[in-house]
Structures are given as structure tokens and as C-alpha cells.
Amino acid sequence: MTDYYKVLGVRRTASKSEVKSAYRKLARLRHPDLNGGSEGAAREFDLLSKAYRVLIDPQERAYYDHQLTAVSSAGESILRSNNAYARRARDLAMQARWDRVVDEVLERDRQETRKRQRAVFTIVALFLSTFFVAMIRPHFWSHFNYAGRAIVLTLFVIGVWHLATRLREYLQHYTYRRAAVRNPDDEKPEQPYTRFSAYTFLLVGYALSVGAGIFIGWHAQEFFDGLSMLFRQRAGLGQSNMFFSLSTVLLIPDLVIYPPIAVLIVDGLHSLASRMD
């Protein structure tokens, strides 16, 4: 917004006589006829005349003063100016704003991707560890001394707490209770799955992991006999169906103890790798 007081070279408190005197003095200096009829002099004289018309009229001046005060107090001169520098500043400010918005969206996407990857690693580690324990039936416990058993129990307690914390976090983030949606007109929850479907998936996945591990272990006994010799004494290479059934029963403590420890280790390694990246 053009400051007409600066154009006439007077203060904002100048009287009408001061405005008129300043105009006459500048008009004699900048009149186009006295400056060879140049276009620059003509533009300056037009601006000078416009400033005089506004400031000499009390109503026009009062309205102009109100606008000038509003612009000055709000600091909006750069927003209303049409010169090249002001336009460039507005473009840069707008670009910076959009850059911030895009960065925020990308950061939210990255965080969501990391959460989804962490959930996948936890669930896959739980199912795979359960599958391998059911298949190999290692029975590590009987070969540990007191210190080793204490370490295993400590890791088991930490692993159970870690697994329960992670599962509770995933359930809150990705599932909702069906009772929360009382009628079709209710707003659809942000979570993609129901709590019941998540529990069903975990129970069915765990059962399938145990069943597949036992089935494959039973059909590959001779292969795993060689691995089992590292952990327990065997009278011979063959196994009777009765001994296999007893081994399956003894497998229950292993299925309880070792999967949470495996999840704890896998999640720890994944978190370490994520921080390194």
C-alpha cells in the first residue's frame, strides 16, 4: 500500500495547509511540462496528484488513515504488495508451508510403516518360534544348570511382559470392539479390524504353528534325531509312537517358555537395525 504522506513528504499529523503547500512545491518540480514531457515525470505527477486528492479531503483522508493503520499493525504490507520482491516472498512462504505439510504427511507414513513392520515381525516371530519348537522339540531345560535356568526364566518373564505389551499396543492401534459401532449410521472406526478377528487370527495362527510343527516333526523323526542328540541322551535312533506321544506332552512347557524369548530377541534385533538405518 502506497504511503501518500511519504509521497508528499509530510507527517501524518500535517494540516491541510501543510499538505497543500507541499503539493504545490512538488508539483512545480515534477510537472511533466517542466521535465520534457517524460513518462517517468508523468507517472510521478499522477501519483502526487492522487496523494493530494486523498489527503486534502477529510473523509478520504480518514478512510485512508484507517487502512494505513490496519496494514501497518498487521504487518500485511508484503501480502498486499504487487512488486516482484513481495510476490517472490509470498511464493517462497507458500512453498515452505507446502513443504512442511508434505514432510508431516511423509513422516506420518514412515511412522505408520515402522509400526506395521514391527507388528509383522512380532507376530511372525511368535508363529515361527512356536513352529520350530513344536517341530524340533529341543528340551533345552533338562541340560541347563541352575544359572542357565535362572537366565532362561528371567528372559521368559521379560519376554512375556514384552509380548503382552506389544500385543496390547497392536490391538489398540489396529482393532476396535464391535460393540463400539451400535448402528449403521455411526461413524466407521479408524482401525481396520475387529478385536474378535484379531483374537481369532492369533489363536488360529498359534494352533496351526503348533500343529504344523508336530506334524512335520513326526514325519521327519530320523532327521531330527541327529539334532536332538545334541541336547539329550538317546538309547537308539528309532522312536516308538508311545515315546513320541510322551515327547509331545513334554513339549508343552517348551511351547510356553521359548516363543516369548524368541519374540524378545527378534524384536530387539529389529529395533536395533531400525535405529542403525
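The values are calculated or read from the model by the stated rules, or taken from the named source; none is laboratory data. Remember, predicted model here, so these are calculated numbers, not experimental data. Methodologically, a virtual Cβ is constructed for each residue, glycine included, from the backbone with ideal geometry; neighbour enumeration extends over all protein chains shown. The area values use the complete protein model at the heavy-atom level, side chains included, leaving out ligands, DNA and RNA. Shrake-Rupley method; radii C 1.70, N 1.55, O 1.52, S 1.80 Å.
Every residue, every condition in (1) part of a loop (DSSP other than H, G, I, E, B); (2) among the hydrophobic types (A, V, I, L, M, F, W, C); (3) surrounded by 13 or more Cβ atoms within 10 Å (Cβ to Cβ); (4) at pLDDT below 90, yes or no:
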position: 152; (1), (2), (3), (4): no, yes, yes, yes
position: 158; (1), (2), (3), (4): no, yes, yes, no
position: 168; (1), (2), (3), (4): no, no, no, no
position: 179; (1), (2), (3), (4): no, yes, no, yes
position: 187; (1), (2), (3), (4): yes, no, no, yes
position: 190; (1), (2), (3), (4): yes, no, no, yes
position: 200; (1), (2), (3), (4): no, no, no, no
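Among the residues of segment 248-262, is there at least one that is modelled with pLDDT of 75 or more, surrounded by fewer than 11 Cβ atoms within 10 Å (Cβ to Cβ), among the hydrophobic types (A, V, I, L, M, F, W, C) and in a helix (DSSP H, G or I)?
Narrowing segment 248-262 to residues modelled with pLDDT of 75 or more: 253-262.
Keeping just the survivors that are surrounded by fewer than 11 Cβ atoms within 10 Å (Cβ to Cβ) gives none.
The answer is no, given that none of the residues of segment 248-262 is modelled with pLDDT of 75 or more, surrounded by fewer than 11 Cβ atoms within 10 Å (Cβ to Cβ), among the hydrophobic types (A, V, I, L, M, F, W, C) and in a helix (DSSP H, G or I).
Looking only at segment 13-41, filter to residues that are assigned to a loop (DSSP other than H, G, I, E, B) and surrounded by 13 or more Cβ atoms within 10 Å (Cβ to Cβ); which one of those is modelled with the highest pLDDT? Per the stated criteria, the residue is 14. Flag: residue 10 matches the condition of being modelled with pLDDT of 80 or more, touching an Asp or Glu at 6+ places or on another chain (Cβ under 8 Å) and either surrounded by 15 or more Cβ atoms within 10 Å (Cβ to Cβ) or among the aliphatic types (A, V, I, L, M) (or both). Of all residues in segment 92-140, exactly one satisfies the criterion of being open to solvent by 90 Å² or more (accessible area, probe 1.4 Å), touching a helix residue (DSSP H, G or I) at 6+ places or on another chain (Cβ under 8 Å) and charged (D, E, K, R), namely 114.
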